[in-house]
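Colleague: Before I ask anything, let me first share the structure, which is written out below as structure tokens.
The values are calculated or read from the model by the stated rules, or taken from the named source; none is laboratory data. This structure is a prediction, so every number in the text was calculated from the model and none was measured. Here the Cβ positions follow ideal geometry from the backbone for every residue, glycine too, while neighbour counts run over all protein chains shown.
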Amino acid sequence: MRRIDDLDVTGRRVLVRADLNVPLDGETITDDGRIRASVPTIQALVDRGAKVIVCAHLGRPKGSVNPKYSLKPVAVRLGELLGRDVAFAADVVGESARSAVNNLEDGQVALLENLRYEPGEESKDDATREAFAAKLADLAELYVGDGFGAVHRKHASVYDVPKLLPHAAGGLVVGEVEVLKRLTEDTERPYVVVLGGAKVSDKLGVIANLLSKVDRLIIGGGMAYTFLKAQGHEVGNSLLQEDQLDQVRGFLNEAAKRGVDLVLPVDVLAATHFDKDAEHEVVEATAIPKDREGLDIGPRTRELFATKLADAKTIFWNGPMGVFEFDAFAGGTRAVAEALIASDGFTVVGGGDSAAAVRKLGLPEDGFSHISTGGGASLEYLEGKSLPGLEALQ
């Protein structure tokens with residue numbers, strides 16, 4: 001992939017596809033991690049005198065204008081982080097966008113409104129998507145792909161626009177790919193992967209692929225209960241995907257056949273119901289009462305997981321160990337994060353809820369070797385899939 005240093009950007013209009021999909025509470029950004037991660041590439045272009053046009057998506061407005069998903073608060077925060085005004089276009093490729101772009105001087109920045117307001121951005125119809133891509137490309141002279149969190153999507157701004165303009169990968173994408181290569185090529189061992197989150201079905205492909213690559217696979221979070229049930233244990237009212245039991249039994253057998261140490265919880269915090277103040281107790285993971293649901297891994301499991309991570313030379317973690325949004329059930333996720341921080345190995349937090357948990361729990365981001373900005377993209381790369389946005393930048 002070409003990098004931005006390979007482009008002559010001075011005085012030229014550069015369309016930067018960034019990932020600014022941040023959580024909002026009304027107009028308040030509750031986690032600006034993705035905006036901060038986008039700043040270095042934008043700043044580098046500004047410093048070289050480019051006219052920078054940033055485009056991104058937020059949420060799922062499904063091809064129509066919805067003020068709930070406006071990028072306007074993001075423009076304000078981006079301006080604060082850059083230390084300069086960021087012009088905001090009230091549309092994506094309309095009159096406001098053209099005016100904002102035409103008024104840019106060298107070293108200035110504009111942000112277009114939410115790409116997903118336009119039906120063409122996510123269209124499955126190639127002609128519809130390409131028509132919208134042509135309008136986007138018409139705003140600029142060069143293209144920089146820097147939205148790693150979207151590179152697994154075959155969307156107009158990610159896949160089609162690079163075909164229409166001279167292009168390069170931004171620093172964020174280059175950095176993410178370098179990290180993922182370390183996780184898939186000549187990985188230093190022991191290699192341990194920690195997977196959590198709600199559903200096994202979200203991670204079927206990555207589990208299947210990793211069983212041939214890792215030394216240990218640690219399973220926590222809501223998905224652990226399907227594994228426990230597949231072993232024949234009672235899981236009470238815990239999150240369970242009955243339709244995945246046969247698949248999970250296959251994973252358990254494959255891990256045993258390959259000599260992969262597949263580690264499951266030995267105790268859990270079992271609550272009366274799903275609530276931040278729910279009454280709960282520590283119970284054996286193999287005997288969860290029928291009227292209770294597991295909302296976090298227990299104290300012995302936290303110690304077990306930390307022990308299994310202690311000698312690792314490479315660690316990839318994706319997915320919380322419990323309902324970390326509730327303080328009472330955040331201890332397991334904190335314990336895993338702290339085990340990564342204590343590790344001397346190469347430690348990667350795989351984006352999504354894991355990255356959000358690190359920030360919510362107030363843990364030092366520099367305690368990890370890398371925190372990815374793209375959970376889904378990271379998982380699909382590790383699954384061995386071809387990512388459209390990376391293809392387009394080759």
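Colleague: Please work out if L295 is of a type outside the set (D, E, K, R) and over 23 Å from S378 (Cα atoms).
Modeller: For L295, the condition - of a type outside the set (D, E, K, R) and over 23 Å from S378 (Cα atoms) - is met.
Colleague: Condition check: more than 26 Å from the chain's Cα centre (by Cα), surrounded by fewer than 15 Cβ atoms within 10 Å (Cβ to Cβ) and not in a helix (DSSP H, G or I). Does D344 satisfy that?
Modeller: No: the conditions fail for D344.
Colleague: Any idea which of (1) within 30 Å of L393 (Cβ to Cβ); (2) touching a strand residue (DSSP E or B) at 6+ places or on another chain (Cβ under 9 Å); (3) crowded, with 19+ Cβ neighbours inside 10 Å is the one V268 doesn't satisfy?
Modeller: (1) is the only condition that V268 fails.
Colleague: Right, next: So V93 ticks every box in (1) out of contact with any strand residue (DSSP E or B) (no Cβ under 9 Å at 6 or more places or on another chain); (2) surrounded by fewer than 18 Cβ atoms within 10 Å (Cβ to Cβ) but one. Which box is left unticked?
Modeller: Condition (2) is where V93 drops out.
Colleague: Select from the stretch 195-231 the residues that are part of a loop (DSSP other than H, G, I, E, B), farther than 17 Å from T314 by Cα and in contact with a Ser or Thr (Cβ under 9 Å, 6 or more places away or on another chain) and list them in ascending order.
Modeller: Hits for the stretch 195-231 are G196, G197, K199, G220, G221, G222, M223, Q231.
Colleague: Could you tell me whether S123 is in contact with a helix residue (DSSP H, G or I) (Cβ under 7 Å, 6 or more places away or on another chain), among the hydroxyl-bearing types (S, T, Y) and under 19 Å from S386 (Cα atoms)?
Modeller: No; evaluated as a whole, the condition is false for this residue.
Colleague: Return the pairs, sorted by first residue and then second, in which the second residue is at pLDDT 90 or above and not in a helix (DSSP H, G or I), the first residue lies in the stretch 365-387 and is surrounded by 18 or more Cβ atoms within 10 Å (Cβ to Cβ) and β-branched (V, I, T), the beta carbons are less than 7 Å apart, and the residues are 6+ apart or on different chains.
Modeller: Pairs that qualify, where the first residue is surrounded by 18 or more Cβ atoms within 10 Å (Cβ to Cβ) and β-branched (V, I, T) and the partner is at pLDDT 90 or above and not in a helix (DSSP H, G or I), are I371/V349; T373/D19.
Colleague: So, in the stretch 31-89, exactly how many residues are of a type outside the set (S, T, N, Q) and in a helix (DSSP H, G or I)?
Modeller: Residues that pass the stated criteria total 26.
Colleague: Further question on the same structure: Considering only the stretch 138-157, how many residues are within 19 Å of E118 (Cα to Cα), more than 22 Å from the chain's Cα centre (by Cα) and surrounded by fewer than 21 Cβ atoms within 10 Å (Cβ to Cβ)?
Modeller: The number of residues fulfilling the criteria is 1.
Colleague: Take the stretch 307-328 and flag every residue that is farther than 21 Å from E185 by Cα and surrounded by fewer than 24 Cβ atoms within 10 Å (Cβ to Cβ).
Modeller: Correct list: T307, K308, A310, E325, F326, D327, A328.
Colleague: Among the numbered criteria (1) in contact with a strand residue (DSSP E or B) (Cβ under 7 Å, 6 or more places away or on another chain); (2) free of Cβ contacts under 8 Å to residues at least 60 places away in the same chain; (3) within 19 Å of V348 (Cα to Cα), which single criterion is violated by R182?
Modeller: Only one criterion in (1) in contact with a strand residue (DSSP E or B) (Cβ under 7 Å, 6 or more places away or on another chain); (2) free of Cβ contacts under 8 Å to residues at least 60 places away in the same chain; (3) within 19 Å of V348 (Cα to Cα) is unmet by R182, namely (2).
Colleague: Which of the residues that make up the stretch 191-210 are surrounded by fewer than 23 Cβ atoms within 10 Å (Cβ to Cβ) and either polar (S, T, N, Q) or in contact with a Lys or Arg (Cβ under 6 Å, 6 or more places away or on another chain) (or both)?
Modeller: Answer for the stretch 191-210, where residues must be surrounded by fewer than 23 Cβ atoms within 10 Å (Cβ to Cβ) and either polar (S, T, N, Q) or in contact with a Lys or Arg (Cβ under 6 Å, 6 or more places away or on another chain) (or both): S201, N209.
Colleague: Please report, ordered by residue number, the strands (runs of 3 or more DSSP E) entirely within the stretch 95-192 with at least 2 residues that are hydroxyl-bearing (S, T, Y).
Modeller: none
Colleague: In addition: In the stretch 73-90, which residues are closer than 21 Å to F132 by Cβ and surrounded by fewer than 17 Cβ atoms within 10 Å (Cβ to Cβ)?
Modeller: Answer for the stretch 73-90, where residues must be closer than 21 Å to F132 by Cβ and surrounded by fewer than 17 Cβ atoms within 10 Å (Cβ to Cβ): just A90.
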